[in-house]
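Have a look at the structure below before the remarks.
The values are calculated or read from the model by the stated rules, or taken from the named source; none is laboratory data. Owing to the predicted nature of the structure, the values given are computational and were not obtained by experimental measurement. Every residue, glycine as well, gets a Cβ built from its backbone with ideal geometry; the counts of neighbours run over all protein chains shown. Note: accessible area is taken over every heavy atom of the protein model, side chains too, but ligands, DNA and RNA are not part of it. Shrake-Rupley method; radii C 1.70, N 1.55, O 1.52, S 1.80 Å.
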Amino acid sequence: MKQALTLLNTLIIGFAAVVWTDTGESSDPVLADREMPAAIVSSCALTQAADSGICHESSFDRRWVAKTVRGDLFIVTNERCTGSDCRAWLVEKTEAAATTLASFDATFRLHEVKGGYPVIESYTGMSATEGAYSRYEWNGKTYDRTASRLVYNVDGTECGTREECRHAANEAIAQKQVDRAVRIWENVGGVSWI
């Protein structure tokens, strides 16, 4: 009886694995070194020239993101890149090849949507007091930048757009935090106080 239950469990697990994945497809998609798009690998060579370090394709982190009609999506980042100039790539691996769909700053967030192609929101630091958010959406063929907004940082804290920072300064005044309000007005509005 015990052997029959073990055999039945094995058959159920085997059937579930076959149903879970399509024929000839792994349940754990992988983007191998040899499949990396040339544009990403060449960026590695540029990084190597800039810092005179050793750079191999294996220094790239690949994380599976979603299944699409054509294949699998991966986020690729360079593990050795540090600082604000790092890039991330959204790569689609199909039966034919792996293709870069989008390149964006490595500080990002993905938002799941129906169809497998996520909305990408990336952040670019422009200075100690300014940064920009960019939003990229799939149009059925390519990724387009659909929105961009400039934000401000005061004392290491993001206060938002110019209007949101103005509102934050007014709230600081209402809470008797005059120093905070003045720093916002100086950094965002360019107003000097004597």
(request) Give me a count of the residues in the stretch 150-186 that are among the β-branched types (V, I, T) and open to solvent by 70 Å² or more (accessible area, probe 1.4 Å). (result) 3
(message) Quick check on the stretch 106-128: of everything there that is of a type in the set (G, A, S) and assigned to a strand (DSSP E or B), which residue is surrounded by the fewest Cβ atoms within 10 Å (Cβ to Cβ)?
(response) G125
(request) Filter the stretch 70-105 down to residues that are outside any strand (DSSP E or B) and modelled with pLDDT under 90 and give me whichever is least open to solvent (accessible area, probe 1.4 Å). (result) C86
(request) Examine the stretch 142-149 for a residue that is open to solvent by 50 Å² or more (accessible area, probe 1.4 Å), more than 17 Å from A66 (Cα to Cα) and outside any strand (DSSP E or B), and state whether such a residue exists. (result) no
(request) Output the number of the condition that A181 fails; it satisfies all remaining conditions of (1) at pLDDT 95 or above; (2) in a helix (DSSP H, G or I); (3) aliphatic (A, V, I, L, M). (result) (1)
(message) So, in the stretch 129-141, how many residues would count as being surrounded by 12 or more Cβ atoms within 10 Å (Cβ to Cβ) and in a loop (DSSP other than H, G, I, E, B)?
(response) 1
(request) Inspect the stretch 142-153 for any residue being in contact (Cβ under 8 Å) with a residue 24 or more places away in the chain and under 18 Å from the mean Cα position of the chain (by Cα) and give the result as yes or no. (result) yes
